[in-house]
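Input: a single structure, listed below in structure tokens.
Computed from the coordinates by the stated procedures, all read-outs in this text should not be read as laboratory data. Just so you know, these numbers come straight off a predicted model, no measurement behind them. Ideal geometry is used to build each Cβ from the backbone, glycine not excepted, and the neighbour counts take in all protein chains shown.
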Amino acid sequence: MDESSQQRWHLAVILVGVVYLVVGMTFSALAGWVSSNQMRVTLRLLAWVISGVAFAAHIGYEHFRLRNAPATTAFHASLAVGLGAFGVAAAANIHAQVSGSSHHRSLTLALVMWPVLTAVPAFAVALGSAALLAVRRRGV
């Protein structure tokens, strides 16, 4: 792998990870401000849709633009997911410190658990998706 493509996948992981963080934080704040339960559910679903589009776009970028193998594509996509989850967990920890929450132990554990609990299934889904794209590209 040349240095240019290595820089591109690093940048993609960071960029998509930040997208996940911004979407998570923004829609969480919006959902907290609305009084209607139906609107809260709608905002959360919209956050899932936007995150899903970012996930699919990342897989497409890794597959079509960078021409990475399915396992590499899945690894990079799951890194972005884990990075975004870590960012959300870190933000939750900061919020708990500022607001005086008593859930410090569980939130500290979230710094490890949220990235793992999101990145592992993301790897499986990305691997399957990238493998299907690879099979389709070969025309098999």
Looking at the range 51-140, which trypsin sites (Lys or Arg not before Pro) are DSSP coil and have at most 15 other C-beta atoms within 10 Å of their C-beta? ARG67
Calculating semi-axes √(5λ) of the Cα gyration tensor in Å from this structure picks out, from [x] 34, 13, 11; [y] 31, 18, 12; [z] 29, 16, 13, entry [y]
Peptides 73-86, 38-51, 109-122, 13-26: what's the order by average Cβ count within 10 Å, highest mean first? 73-86, 13-26, 109-122, 38-51
